[in-house]
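The values are calculated or read from the model by the stated rules, or taken from the named source; none is laboratory data. Nothing here was measured: the structure is a model prediction, and the numbers come from that model. Here the Cβ is made from the backbone with ideal geometry for all residues, glycine too, and neighbour counts use every protein chain on show. Calculation scope for accessible area: heavy atoms of the full protein, side chains included, ligands and nucleic acids excluded. Shrake-Rupley method; radii C 1.70, N 1.55, O 1.52, S 1.80 Å.
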Amino acid sequence: MRRLHVLWIGTKPPLPPRDGGRLLTWATLQGLAALGHRITFVAPRLDLGGDAAERLRAVVTPHLVDVSPPSTPRAALRSVLGRRPLSIARHSLPAMADAVEGLVRARAGASSAIGGFDLVHVEQLQAAAAARPARRRGLPIVLRAQNVESDLWRGVAGSTRPPLRWALGAEATRLRRAEARIVAAADAVAALTRADADRLETLSGRAVTVVPAASPLSYPAGDRPLPGDPPVVVFGSAGWRPNRDGAEWFLRAIWPTIRERVPTARLHLFGEVGSIGGRDEEHGVDRRPTPTSSSEALPPGAVLAVPLHVASGVRMKILEAWARGIPVIATPRAAAGLACLDEAGGLPPALDLAETATAFADAVMRLRDPEIRDRRVSAGRACLERFHAPDAVARRLVALYASVV
């Protein structure tokens, strides 16, 4: 396969990789670059700082646009006036479309060997609007859906009360229509899991290819252990309600049983999470800000708990924990979609599943055993190598690119 020049359109830079979407994007870009493919990366500049710009330039040709999504009230007004889903209206930025128009026009007629683009990669539904100038000039569009957006919003609506439930349900309905339209219009579509691919096929009536999430196989271990035996880590809100709801459920319904069964354990909550009642110190709880690097939250000896009830796609924090040598306890919903679960037809030794306080406490107790912990970590890394290695994932994505070039 000849080397391709890909115009990649995203809604945010991949660095710093502080959330799952950024981590997935960064690992995929690295895999494509390692195979020799060229990527021109277009996204709003947002919070790219420190040495992130230099690291990004080492992998792609960045074209970062000085624009930010509008505030929620302004986005809501755009949504109403344009009859579009709120999340899509918020990311439909004219400056992004202008940047894509300029890049495509400047390279019109050139071969990929001297700078022309072979195709456009659209990362998430919200980036599709910026790809319209490229579509008008005949470039094929490949959409990667990190999850099924409409199902996520439907799940969030189901966990709230009226009138918010009605508003979120209406947004889910608008998203379902937009999702079906955008998926159907792309030349090729990739989903991270078989379940997501099946769902998108049902919505759009077109074939969707499964390309697993890319993840580094290992990360350097953090150098600052967290207090506790073991320290249990939960990530709260990162701008997404299911994270906050799951963390608050864990804090109130699960943690007291763990604390009773394992008094030496300590809970480390990263991000915004509600109160448990009383002083945190009495309950063995430490509250911490959202980390700039996951090495702060996942140092040696930690256990990651992923207590989600609304999820789609793949939880990149689970893959990252395995890469850092950290065992994971997750709800079945949080673990759904993991390829090693599907392939094995049951619970892999890389992961402990739990839905109740007793099950979570049992898992924490098991993971205090060094042998069990080591087996979980080894199995997790084996899962990464088999299904999520960046070069292997990049080859599957390139095969999808080749089908439309």
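Report yes if PRO70 is closer than 22 Å to LYS12 by Cβ, without any contact (Cβ under 8 Å) to a residue 24 or more places away in the chain and not in a helix (DSSP H, G or I), otherwise no. Let's see the steps before the verdict.
Values: closer than 22 Å to LYS12 by Cβ: yes; without any contact (Cβ under 8 Å) to a residue 24 or more places away in the chain: yes; not in a helix (DSSP H, G or I): yes.
Spelling it out, PRO70 is indeed closer than 22 Å to LYS12 by Cβ, without any contact (Cβ under 8 Å) to a residue 24 or more places away in the chain and not in a helix (DSSP H, G or I).
Going through the range 298-351 one residue at a time, which ones are of a type in the set (Gly, Ala, Ser) and modelled with pLDDT of 90 or more? Once the filter is applied, which keeps residues that are of a type in the set (Gly, Ala, Ser) and modelled with pLDDT of 90 or more, the range 298-351 yields GLY301, ALA302, ALA305, ALA321, ALA323, GLY325, ALA330, ALA334, ALA335.
Counting residues that are more than 30 Å from ARG2 (Cβ to Cβ), which helices (runs of 4 or more DSSP H) fully inside the range 306-405 reach at least 3? Step through it out loud before you land on a result.
Values: elements: 316-323, 332-335, 339-344, 357-366, 370-383, 390-404.
In the range 306-405, the matching helices (runs of 4 or more DSSP H) lie at 316-323, 332-335, 339-344, 357-366, 370-383.
Scan the range 296-306 and give yes if some residue there is over 19 Å from PRO216 (Cβ atoms), open to solvent by less than 20 Å² (accessible area, probe 1.4 Å) and in contact (Cβ under 8 Å) with a residue 40 or more places away in the chain, otherwise no.
Of the residues in the range 296-306, the ones over 19 Å from PRO216 (Cβ atoms) are 301, 303, 305.
After this cut, where a residue has to be open to solvent by less than 20 Å² (accessible area, probe 1.4 Å) as well, the list is 303, 305.
From what's left, in contact (Cβ under 8 Å) with a residue 40 or more places away in the chain: 303, 305.
Yes; the residues of the range 296-306 include at least one that is over 19 Å from PRO216 (Cβ atoms), open to solvent by less than 20 Å² (accessible area, probe 1.4 Å) and in contact (Cβ under 8 Å) with a residue 40 or more places away in the chain.
Of the set (1) aliphatic (A, V, I, L, M); (2) within 30 Å of ALA321 (Cβ to Cβ); (3) open to solvent by less than 70 Å² (accessible area, probe 1.4 Å); (4) in contact (Cβ under 8 Å) with a residue 40 or more places away in the chain, all apply to ALA34 but (3).
All of LEU152, LEU119 fail the test of being under 26 Å from LEU200 (Cα atoms) and surrounded by fewer than 22 Cβ atoms within 10 Å (Cβ to Cβ), apart from LEU152.
Of all residues in the range 162-189, those that are open to solvent by 50 Å² or more (accessible area, probe 1.4 Å) have Cβ atoms under 7 Å from Cβ atoms of residues that are part of a helix (DSSP H, G or I), 6 or more apart or on another chain, in ARG165/ALA157; ARG176/SER150; ARG176/LEU203; ALA184/SER204; ASP187/VAL404.
Here ARG366 meets the list (1) surrounded by fewer than 18 Cβ atoms within 10 Å (Cβ to Cβ); (2) touching a helix residue (DSSP H, G or I) at 6+ places or on another chain (Cβ under 9 Å); (3) basic (Lys, Arg); (4) within 27 Å of VAL148 (Cα to Cα) almost entirely, failing just condition (4).
Those residues that are more than 22 Å from the chain's Cα centre (by Cα) and surrounded by 15 or more Cβ atoms within 10 Å (Cβ to Cβ), I need them from the range 207-239; list them, please.
To start, the set of residues in the range 207-239 that are more than 22 Å from the chain's Cα centre (by Cα) comprises 207, 223-231.
Hits for the range 207-239 are LEU226, GLY228, PRO230, PRO231.
Which residue is modelled with the lowest pLDDT, if the candidates are limited to the range 385-397 and must be surrounded by fewer than 20 Cβ atoms within 10 Å (Cβ to Cβ) and of a type outside the set (Asp, Glu)? Checking each candidate, the answer is ARG386.
Given the condition closer than 27 Å to ALA191 by Cβ and touching a helix residue (DSSP H, G or I) at 6+ places or on another chain (Cβ under 7 Å), answer yes or no: does some residue in the range 107-115 qualify? So that I can check it myself, show each step before the final result.
Residues of the range 107-115 closer than 27 Å to ALA191 by Cβ: 112.
With touching a helix residue (DSSP H, G or I) at 6+ places or on another chain (Cβ under 7 Å) added as a condition, the list becomes none.
No, that holds for no residue.
For the range 250-295, give me the residue count where each residue is part of a helix (DSSP H, G or I), surrounded by fewer than 19 Cβ atoms within 10 Å (Cβ to Cβ) and out of contact with any helix residue (DSSP H, G or I) (no Cβ under 7 Å at 6 or more places or on another chain). Going through the range 250-295 one residue at a time, the tally reaches 7. In this structure, does ARG244 turn out to be assigned to a strand (DSSP E or B), farther than 24 Å from ARG366 by Cα and not polar (S, T, N, Q)? Judged against the criteria, ARG244 is not a match.
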